[in-house]
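The next block holds one structure in the form of structure tokens; read it before the comments.
The values are calculated or read from the model by the stated rules, or taken from the named source; none is laboratory data. Predicted model, so just to flag it, every value in this text is computed and none were measured. As a convention, Cβ positions derive from the backbone with ideal geometry for all residues, glycine included, and neighbour counts pool all protein chains shown.
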Amino acid sequence: MYPIEPVICSDCGHVQLRETLDINMYDNYLYTPSYAGEFQQYVEKFANNVVEMIDDKANLNVVEIGSSNGFLLKCMKEKGCNVVGFEPSGILASEARKTGVNTVEEYFNAGSDTKVKEILGGNADVVIARHVLEHLDDPLGVIRAMASIAQEGMIIIEVPWLLKIVKENQFYAFFHEHVSYFSVTILQKLIENVGFEILNVSENNLEGGSITIYARKKNNKIKASNIDLYLEKERKYLSTEAILKFAQKSMQTIQNVYKYVDEQRNKGKKIAVWGAGQRGCTLLALCKLTDAEIEYAIDVNENYHWKYIQGTNIQIVPPEYLKGHFVDQILILATGYSESIINNNLDYVYRGGEFINIIEKEFV
């Protein structure tokens, strides 16, 4: 087991883990949300928005960092874009190439600009890093490399939003793969450090609640439409005092989650969980829930099926497994997809089963 100890920078307020793992954990990475219908809909809409935002140029050159199995770039390619992705996982890169997405199987770094220009024949019009920056121990270095490739183009960064984590008591959002926990305030500092500025900020429900920032090279004629609104929210909800209060509340919540499951088991109820991604695995570990309390874990990611969650002996099964293995309650750990999970499994509810969103359930 590895230590997970979040710390706050006393100078800028950035939240990150004290310890980082000195291993290449992404060489054989399996996680991808692209099997979820809600994610697919979001990405298709995201791709449309990007193309519409830069409507003055056809055949956009698009680079994605941490491109996974290429689902987003495939959507961009279908819209006439020239695409290239950087993905260190051999498994995911191979999946991407099978769908026709040009994928470089390596980590993106400061020297990647030469390779990008060779493949695309010039600079990128758009450089995208979705749910990548939080995994890195040098986010500024990567943003600097993104700016070098983008030049006069656009940088798009999407990360889990620290405000959502704190405000919704998502104690299980801290795990060793995520080194940093970003706010708009910190992203603004990083973006301005490389001579760019944030033009717009948007929110979505993925990964428990995320923010997407759109940035271009600094231009006094261009003004952000809504960034001040986000900065004001963060001054209210992300003070050091608020973060410390969240940490104290989390400890009580962890105890209460286990207590709730234990009480339900003592009443003779069977419980499963939905979501075997990083957040789900972290929650199970923190709450000390194992196969003694949880029947199984459901996940749509085919790469996970019939494997076991480390340290719990809980087996991961496909959604179809539920039909022949009824449980009384399912705790939804993949909270960003709770609506689609429930709507796609109404037959389970009609049979008397109950879905419980781990965020919406009051455990404190």
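Go through (1) in contact (Cβ under 8 Å) with a residue 12 or more places away in the chain; (2) polar (S, T, N, Q); (3) farther than 24 Å from VAL132 by Cα for SER338 and report which single condition fails.
(3)
Could you run through segment 261-283 and say how many residues are modelled with pLDDT under 95 and in a helix (DSSP H, G or I)?
6
If you scan segment 215-268, which residues turn out to be farther than 25 Å from CYS9 by Cβ and of a type in the set (Phe, Trp, Tyr)?
TYR258, TYR260
Within segment 54-86, how many residues are under 23 Å from the mean Cα position of the chain (by Cα) and loosely packed, with under 15 Cβ neighbours inside 10 Å?
To start, the set of residues in segment 54-86 that are under 23 Å from the mean Cα position of the chain (by Cα) comprises 62-77, 83-86.
Right, trim to loosely packed, with under 15 Cβ neighbours inside 10 Å and you get none.
Residues in segment 54-86 being under 23 Å from the mean Cα position of the chain (by Cα) and loosely packed, with under 15 Cβ neighbours inside 10 Å: 0 in total.
Can you tell me which residues in segment 331-364 are assigned to a helix (DSSP H, G or I) and closer than 13 Å to ALA272 by Cβ? Can you show your working first?
Step one: of segment 331-364, the residues assigned to a helix (DSSP H, G or I) are 335-343, 346-350.
The answer is ILE341, TYR348.
Kindly indicate which of TYR304, TYR258, TYR321, TYR348 is touching a strand residue (DSSP E or B) at 6+ places or on another chain (Cβ under 6 Å) and hydroxyl-bearing (Ser, Thr, Tyr). It would help to see each step written out before you state the result.
Working: TYR258 fails: touching a strand residue (DSSP E or B) at 6+ places or on another chain (Cβ under 6 Å); TYR321 fails: touching a strand residue (DSSP E or B) at 6+ places or on another chain (Cβ under 6 Å); TYR348 fails: touching a strand residue (DSSP E or B) at 6+ places or on another chain (Cβ under 6 Å).
From the options TYR304, TYR258, TYR321, TYR348, the qualifying one is TYR304.
Restricting to segment 255-274, what's the tally of residues that are buried (at least 19 other Cβ atoms within 10 Å of the Cβ) and more than 15 Å from TYR308 (Cβ to Cβ)?
So the first thing to find is which residues in segment 255-274 are buried (at least 19 other Cβ atoms within 10 Å of the Cβ), and the list is 257, 261, 271-274.
Now restrict to residues that are more than 15 Å from TYR308 (Cβ to Cβ): 257, 261, 271, 274.
Of the residues in segment 255-274, 4 are buried (at least 19 other Cβ atoms within 10 Å of the Cβ) and more than 15 Å from TYR308 (Cβ to Cβ).
Within segment 217-238, which residues are surrounded by fewer than 19 Cβ atoms within 10 Å (Cβ to Cβ) and hydroxyl-bearing (Ser, Thr, Tyr)?
Scanning segment 217-238 gives SER225, TYR237.
Does GLU95 satisfy the condition of being more than 20 Å from VAL300 (Cα to Cα) and of a type in the set (Asp, Glu)? Give the steps one after another, and end with the answer.
Details: more than 20 Å from VAL300 (Cα to Cα): no; of a type in the set (Asp, Glu): yes.
In short, no.
In the list ALA297, ALA276, which residue meets the criterion of being touching a Ser or Thr at 6+ places or on another chain (Cβ under 9 Å) and closer than 14 Å to LEU331 by Cβ? Walk me through it before giving the result.
On the way: ALA276 fails: touching a Ser or Thr at 6+ places or on another chain (Cβ under 9 Å).
Step by step, each of ALA297, ALA276 is checked, and only ALA297 is touching a Ser or Thr at 6+ places or on another chain (Cβ under 9 Å) and closer than 14 Å to LEU331 by Cβ.
Being part of a helix (DSSP H, G or I), farther than 22 Å from TYR172 by Cβ and among the basic types (Lys, Arg) is the filter here, so list the residues in segment 223-256 that pass it.
Of everything in segment 223-256, those that are part of a helix (DSSP H, G or I), farther than 22 Å from TYR172 by Cβ and among the basic types (Lys, Arg) turn out to be LYS233, ARG235, LYS236.
Which of the residues belonging to segment 1-25 are under 17 Å from the mean Cα position of the chain (by Cα) and at pLDDT below 70? Walk me through how you get there before you give the answer.
Step one: filter segment 1-25 for residues under 17 Å from the mean Cα position of the chain (by Cα), giving 15-17, 25.
MET25, the sole residue that qualifies.
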